[in-house]
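A.B. asks: The following block contains the structure, expressed as structure tokens.
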Amino acid sequence: MANPKIDDATGVETVGHEWDGIEELNNPLPRWWLWSFYACIVFSIGYCVAYPAWPLIDKATAGTLGWTSRGQLDGEMKAETARRASLIAELGKASIEQIAADPKLRRAAIDGGRAAFKVNCIQCHGNGAAGSAGYPNLNDDDWLWGGDVSAIHQTLVNGIRQPGDDATRISQMPSFGRDGILNAAQVQDVVSHVRVLAGEEKPSASAQRGAQLYTDNCTVCHGAAGEGNRTVGAPGLNDAIWLYGGTRAALTQSITNARYGVMPSWGNRLDPVTVKMLATYVHSLGGGEEAPAPAPEEAAAAPAAATK
């Protein structure tokens, strides 16, 4: 400024700006602030030289230190793999039953299974494993094919109705309405009887007619009292726990057109240890059952086998 204005109170010249009578003094910046600013400039230059910084056409400058975030992650993953190697080896050697019986292995398997579940299973069964329509709730004790750890493991390995897997669990309910096995009125009678079995509807003339139709067509899989049959994956119908819904409309759909839910076989998608961990984790959710007692002939053969 040719003729700088001097502030009367402080004796410092102003910068010439004024806002509603308020003027700015032209005081020098604090030295500590200037030196901090210069240090930041020097640091930023060094950082750009040492680390990836400036974007180019197809990549960024590499930096003289050769550091990358992907490289750091890879190193950390390798270190974690090495740290867990002995435990993974133990889990690999142990059977699913041995893991369930060993507190240390079971705890490790549950931790690993929880992580694997969040990556592979929550898409269908939900983050809390509560399921949804068509996808079973894994927290309760209502199982289609069995809830002991070995049964869960087999389900995971071979899946449910998985094409191309000869050992997959498979069953098929007839489409009673679509295939003309029952007419529309008979389907409604069976629906009435099933809802009575589940305690969701009071006995009626329709339910009485449906009882005989149920005996003729459904007892072979679902049982006379609707208790279900795990051998063929037939759900229980007397507990008001439904996979596709227990409303009249949902049951009409199930009986008329049947259902054909498919679960992938994870045995060819995940490594054996991860599948074991998943089975252990699912078993731990609250509905896991004890292993069934061996058949009498198996129990009698066990001592002889142990002496060989």
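The values are calculated or read from the model by the stated rules, or taken from the named source; none is laboratory data. All values reported here derive from a predicted model rather than from experimental measurement. Using ideal geometry, Cβ is built from the backbone for each residue, glycine included, and neighbour counts are taken over all protein chains shown. Note: accessible area is taken over every heavy atom of the protein model, side chains too, but ligands, DNA and RNA are not part of it. Shrake-Rupley method; radii C 1.70, N 1.55, O 1.52, S 1.80 Å.
A.B. asks: Quick one: which of Asp8, Asp58 is more than 40 Å from the chain's Cα centre (by Cα) and open to solvent by 100 Å² or more (accessible area, probe 1.4 Å)?
C.D. replies: None of the other options fit; the residue is Asp8.
A.B. asks: Which of the residues spanning segment 254-277 are within 17 Å of the chain's Cα centre (by Cα) and open to solvent by 30 Å² or more (accessible area, probe 1.4 Å)?
C.D. replies: Within segment 254-277, Val262, Met263, Pro264, Trp266, Gly267, Arg269, Leu270, Asp271 qualify.
A.B. asks: Is there a residue being open to solvent by 30 Å² or more (accessible area, probe 1.4 Å) and either in contact (Cβ under 8 Å) with a residue 40 or more places away in the chain or among the aromatic types (Phe, Trp, Tyr) (or both) anywhere in segment 71-84?
C.D. replies: Looking through segment 71-84, none of the residues is open to solvent by 30 Å² or more (accessible area, probe 1.4 Å) and either in contact (Cβ under 8 Å) with a residue 40 or more places away in the chain or among the aromatic types (Phe, Trp, Tyr) (or both).
A.B. asks: Which of the following residues is under 26 Å from Ala279 (Cα atoms) and surrounded by 14 or more Cβ atoms within 10 Å (Cβ to Cβ): Leu243, Leu251?
C.D. replies: Going through Leu243, Leu251 in turn, just one is under 26 Å from Ala279 (Cα atoms) and surrounded by 14 or more Cβ atoms within 10 Å (Cβ to Cβ): Leu243.
A.B. asks: Among the listed residues Ala240, Ala198, which satisfies the condition of being modelled with pLDDT under 95, among the hydrophobic types (A, V, I, L, M, F, W, C) and within 30 Å of Ala151 (Cα to Cα)?
C.D. replies: Matching residue, one of Ala240, Ala198: Ala240.
A.B. asks: Something else now. Here are some conditions: (1) open to solvent by 50 Å² or more (accessible area, probe 1.4 Å); (2) more than 18 Å from Gly131 (Cβ to Cβ); (3) not charged (D, E, K, R). Gly226 meets all but one. Which one does it not meet?
C.D. replies: It fails just one condition, (1).
A.B. asks: So, one more: Can you spot a residue in segment 101-119 that is without any contact (Cβ under 8 Å) to a residue 40 or more places away in the chain, open to solvent by 60 Å² or more (accessible area, probe 1.4 Å) and touching a Pro at 6+ places or on another chain (Cβ under 8 Å)?
C.D. replies: No, every residue in segment 101-119 fails to be without any contact (Cβ under 8 Å) to a residue 40 or more places away in the chain, open to solvent by 60 Å² or more (accessible area, probe 1.4 Å) and touching a Pro at 6+ places or on another chain (Cβ under 8 Å).
A.B. asks: Filter segment 121-144 down to the residues that are touching a helix residue (DSSP H, G or I) at 6+ places or on another chain (Cβ under 9 Å), surrounded by fewer than 17 Cβ atoms within 10 Å (Cβ to Cβ) and either of a type outside the set (A, V, I, L, M) or part of a strand (DSSP E or B) (or both) and list them by number.
C.D. replies: Listed by number, the residues that qualify are Asn127, Gly128, Gly131, Ser132, Gly134.
A.B. asks: Among the residues of segment 61-70, how many are within 37 Å of the chain's Cα centre (by Cα) and surrounded by 12 or more Cβ atoms within 10 Å (Cβ to Cβ)?
C.D. replies: Residues meeting the conditions: 2.
A.B. asks: Within segment 278-286, identify whether any single residue is assigned to a helix (DSSP H, G or I), within 28 Å of Leu156 (Cα to Cα) and at pLDDT below 95, and answer yes or no.
C.D. replies: Looking for residues that are assigned to a helix (DSSP H, G or I), within 28 Å of Leu156 (Cα to Cα) and at pLDDT below 95, one finds none in segment 278-286, hence no.
A.B. asks: Here is a follow-up. Are any residues in segment 12-37 surrounded by 10 or more Cβ atoms within 10 Å (Cβ to Cβ) and not in a loop (DSSP other than H, G, I, E, B), and if so, which ones?
C.D. replies: Correct list: Glu13, Thr14, Val15, Gly16, Glu18, Glu23, Glu24, Leu25, Leu34, Trp35, Ser36, Phe37.
A.B. asks: Quick check, is Val49 surrounded by 10 or more Cβ atoms within 10 Å (Cβ to Cβ) and either touching a strand residue (DSSP E or B) at 6+ places or on another chain (Cβ under 9 Å) or assigned to a loop (DSSP other than H, G, I, E, B) (or both)?
C.D. replies: No; evaluated as a whole, the condition is false for this residue.
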